[in-house]
Amino acid sequence: MLDIVEVAPDEGPGLRANGLTSSVIVALGYCPADEFNASLPKSRLPGETVITHL
């Protein structure tokens, strides 16, 4: 791809200057069809509580 400027995640928003670093956590996987927890209701926090936009 052309004309893409990549900035290190910590340097772009100035995180390192403030003693901070970025983190990305991704859970990958699957559960078998007979998984006990698969059919239980899920509890999710709202996106505004979990995600911080800088």
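The values are calculated or read from the model by the stated rules, or taken from the named source; none is laboratory data. Note that the structure is a prediction, hence the values are computed from the model and not measured. Virtual Cβ from ideal backbone geometry, glycine too; neighbours counted across all protein chains shown.
For region 8-54, how many residues meet the condition of being touching an Asp or Glu at 6+ places or on another chain (Cβ under 6 Å) and surrounded by fewer than 10 Cβ atoms within 10 Å (Cβ to Cβ)?
Filtering region 8-54 for residues touching an Asp or Glu at 6+ places or on another chain (Cβ under 6 Å) gives 16, 21-22.
Among the residues that remain, those that are also surrounded by fewer than 10 Cβ atoms within 10 Å (Cβ to Cβ) are: 21.
Total satisfying the criteria: 1.
Quick check: is even one residue across region 32-51 part of a loop (DSSP other than H, G, I, E, B), of a type in the set (V, I, T) and at pLDDT 80 or above? Walk me through how you get there before you give the answer.
Quick first cut of region 32-51, residues part of a loop (DSSP other than H, G, I, E, B) only: 32-35, 40-46, 51.
This time we only want the ones that are of a type in the set (V, I, T), so: 51.
Next, only the ones that are at pLDDT 80 or above stay: 51.
Scanning region 32-51, I find at least one residue that is part of a loop (DSSP other than H, G, I, E, B), of a type in the set (V, I, T) and at pLDDT 80 or above, so the answer is yes.
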